[in-house]
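Some notes on the structure that comes next.
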Amino acid sequence: MSLEEARTGVTQHEGNNAWGVLPWLGLVTIPIIFPLMLFLGQIISIVLVHDIIFVIREKRSQRHLP
């Protein structure tokens, strides 16, 4: 907001600048989305570990082939 204020010469606040609203939106949306982010993080971690194990097993099985 300081850059916009320096550019326009008009005092900026939440009412006339979209950047001023972002902290207020964060206060509302972060608590709502946080459980979903944790759940998705767990799912991604499980899939990643599964893929790593699969790749390791594939490499081991290819080494034993003649």
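Values computed for the structure shown
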item	result
Principal axes of the chain: Cα extent on each, largest first, Å	76, 27, 10
Farthest positive-ward along the chain dipole, Cα basis, beta-carbon charges - from ASN17, ILE30, ILE44	ILE44
Fewest-first sequence of HIS64, HIS50 by Cβ atoms within 10 Å of each Cβ	HIS64, HIS50
Using alpha-carbon coordinates, inclination of helix 18-63 to the longest axis of the chain, degrees	10 degrees
Magnitude of the charge dipole, the chain, Cβ model with Lys/Arg +1 and Asp/Glu -1, debye to 20	640 debye
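Just so you know, all these numbers are worked out from the coordinates, no wet-lab data involved. Note that the structure is predicted; figures quoted are calculated from it, not measured. Positions of Cβ are generated from backbone atoms using ideal geometry, with glycine treated the same way; all protein chains shown enter the neighbour counts.
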